[in-house]
Amino acid sequence: RGLSSLALDIHPDALETMIRAADGDARRALGILETAANLVGLHGVVDRTQAEAVIQHRFAIYDPSGEEHFNTISALHKAVRGGDPDGALYWLARMIEGGEDQLYIARRLIRMASEDVGLADPTALSIAVAARDAFHFLGAPEGELALAEVAVYLASAPKSNRTYVAWEKALQSARDSPSAPVPLHIRNAPTVLMEELGYGEEYRYDPDEPGGVSAQEYLPEEVTERVFYRPGSTGFEQRIKERLDRWREQKDTA
């Protein structure tokens, strides 16, 4: 990176201070060293006091455990949600340059793929998981390009939060009716006694039904919210919507 041409004189205690602050992160260590080099200039001397000043300055700008940690991940998430790949790349770079845990970023990107892109582009989740695996395999800094790639992909992908909304509704319904029994016709019946009690009785095997869909119910009667998932018409989810609309029409006319 051209630091050798500056002919720096780094005191051993300054070097030790920088190593401790980097905490095993090569990129963070290089960033601290570069900042110190810019501070002292050609043939400069870096002592412990200067090293500590550099470290305090960098962490004042971005503290991975402080408020800016949450502000910056929020900015990244909102840039992705808002379809701005440039904003997503900038905030991703700010986090990485500030020493953020790259696997934390990878986990958040995976969450964005599920929450904000959803079934408008089902491949987004696989791509986000693959980016995490790529970073695991390559490490820093090479693996950071995979995180940048998925940030751009998610920001550029069609968006749908319909699965997220449906999941929240289903969770609330399960909390409201935690003891609602499984309907008899879809219960497992591994014993004669269970068969005599009506378990599995009148169950209709959907592949044998016209169109591959029966009109039977799968929710308990006590569940008042009967439709959780209402697909949108963006991206791949339009095809899901068309299919579910067709199946629901079949059920209504059965």
* To do: Would you mind telling me which residue in 55, 127, 110 has the biggest mean-square fluctuation in a Gaussian network model of the chain, where springs connect alpha carbons within a distance under 10 angstrom?
  => 55
* Pick out which of 191, 123, 17 has the largest mean-square fluctuation in a Gaussian network model of the chain, springs linking Cα atoms closer than 10 Å. => 191
* Asked: Roughly how many Å is it from the Cα centre of the stretch 72-130 to that of the stretch 138-178, as a whole number?
  -> 9 Å
* Structure fact -> Sequence order, the stretch 227-232: Karplus ³J(HN,Hα) from phi using 6.51 cos²θ - 1.76 cosθ + 1.60, θ = phi - 60°, Hz rounded, Gly and Pro as x, gives 10, 8, 9, 10, x, x
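Quick one: what do you get for the stretch 162-253 if you divide its Cα Rg by 2.2 N^0.38 Å? Before the final figure, lay out the partial values.
On the way: Rg = 15.8 Å, N = 92, 2.2 N^0.38 = 12.3 Å.
Normalised by 2.2 N^0.38 Å, the Cα Rg of the stretch 162-253 equals 1.29.
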* To do: Return the Cα extents of the stretch 133-203 along principal axes one, two and three, sorted largest first, each rounded to a whole Å.
  => 64, 27, 21
* Structure fact -> By the mean-Cβ-within-10 Å protection proxy, highest first, 112-121, 212-221, 88-97 rank as 112-121, 88-97, 212-221
* Amide H neighbours of residue 160 under 5 Å, at least 5 residues apart or on other chains, H built in the peptide plane: list them. => 117, 118, 120
* **Computed label-point distance, nm, for sites residue 111 and residue 249 using a 7 Å Cα→Cβ extension** => 4.0 nm
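What is the sum of charges around residue 181, taking Lys and Arg as +1, Asp and Glu as -1, for the other residues whose C-beta is under 10 Å from the C-beta of residue 181? Present the calculation step by step, with values, prior to reporting the outcome.
Working: positive: 187; negative: 221, 222.
Charge balance near residue 181 sits at -1.
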* Structure fact -> Counting only DSSP loop positions in the stretch 124-198, the GluC sites (Glu not before Pro) whose Cβ has at most 16 other Cβ atoms within 10 Å are 142
* With the calculation restricted to Cα positions, what are the radius of gyration and Dmax of the chain in angstrom? -> 27.4, 91
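If you take the Cα Rg of the stretch 181-233 and divide it by 2.2 N^0.38 Å, with N the number of residues, what do you get? Show your work: numbers first, answer last.
Values: Rg = 13.9 Å, N = 53, 2.2 N^0.38 = 9.9 Å.
Here the Cα radius of gyration is 1.40 times the empirical estimate.
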* Any chance you could list P(r) for the stretch 66-172, counting all Cα-Cα pairs in 5 angstrom bins from zero, rounded to whole %? => 2, 14, 24, 24, 18, 11, 5, 2, 0
* Starting from the amide H of residue 10, placed 1.01 Å from N in the peptide plane, find each other amide H under 5 Å away whose residue is 5 or more places distant or on another chain. => 46
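Just so you know, all these numbers are worked out from the coordinates, no wet-lab data involved. Predicted model, so just to flag it, every value in this text is computed and none were measured. When we count neighbours, we look across all protein chains shown, and the Cβ atoms used for this are built from the backbone with ideal geometry, even at glycine.
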